[in-house]
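Only the coordinates and a few stated rules stand behind these numbers; no lab work does. Given the structure is predicted, the values throughout are model-derived calculations rather than measurements. No Cβ is skipped: glycine too gets one built from the backbone with ideal geometry, and neighbour counts run over all protein chains shown.
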């Protein structure tokens, strides 16, 4: 079975301020251990998350976009790949020998945005439709880490470091009346009906949360004793 991971409600607590644990760090706010998955392989992530419930973790943007395979199916795939590679190596051994000393260069073109929070698994349906878009503020600045959730479901994702998002919904939902909820700290929540496969969202500032409450009235002065 293939599945993806998502964090419907990202945690905004400071990772650096959390207390270290054996598997990650402890969040004093939600009283849970947040497991650090950023250094694990896809096989390890699939094994640790497949049957997990109420799991809090820290992932990179690319890890949440990746499609995982259940451990049992993954073992069969690796066996087939190993047998295939054995034949290829036997035929192409001279070519591999020439490239043995070639230097491997890894180029990082962009920052791999990291998120942490409670993990939700999303199985991949064959009749799903991909909805893509970008979320900005009123000034047109892209917003990273915006929470994007399909209304009345646990199907969710978040925007990347340039404000882009991608979420899969069923074809049945797309052809009926389905909504996406966009939420971000300091911004008004937006509930938008899905009518196109491409969406351009602008979130407004939540004035009440960004300004001190103003109190007006007659001033009374009390003298201290």
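With labels modelled as points extended 7 Å from the Cα through the Cβ direction, what inter-label distance (nm, one decimal) is found for residue 47 paired with residue 30?
Output for this residue pair reads 2.5 nm.
In nm, to one decimal, how far is the modelled label at residue 206 from the one at residue 38, with both set 7 Å along Cα→Cβ?
Spacing of the two 7 Å Cα→Cβ label points: 2.6 nm.
Which peptide among 142-152, 186-196, 5-15 comes first, and what is the full order, when sorted by highest mean count of other Cβ atoms within 10 Å?
142-152, 5-15, 186-196
Among rounded, prolate and oblate, which fits the range 23-68 when a ≥ b ≥ c are the square roots of the eigenvalues of its C-alpha gyration tensor, a/c under 1.5 means rounded, and a/b larger than b/c means prolate?
Prolate, because a/c is 1.5 or more and a/b exceeds b/c.
Tell me the label-point distance for the pair residue 164, residue 21, using the 7 Å Cα-to-Cβ offset, in nm and rounded to one decimal.
A separation of 3.4 nm, rounded to one decimal place.
Set the Förster radius R0 to 41 Å, insert the Cβ-Cβ distance between residue 139 and residue 172 as r into 1/(1 + (r/R0)^6), and round the FRET efficiency to 0.05.
In this case the efficiency is close to 0.65.
Bin by bin, in steps of 10 Å, what percent of the Cα pairs in the range 126-211 do you find, going until the bin that has the longest distance?
Result, from short to long distances: 18, 52, 25, 5, 0 percent.
Write down the percent of antiparallel bridges among all DSSP beta bridges whose residues are both part of the range 126-211, to the nearest 5.
Here the antiparallel bridges make up roughly 75 percent for the range 126-211.
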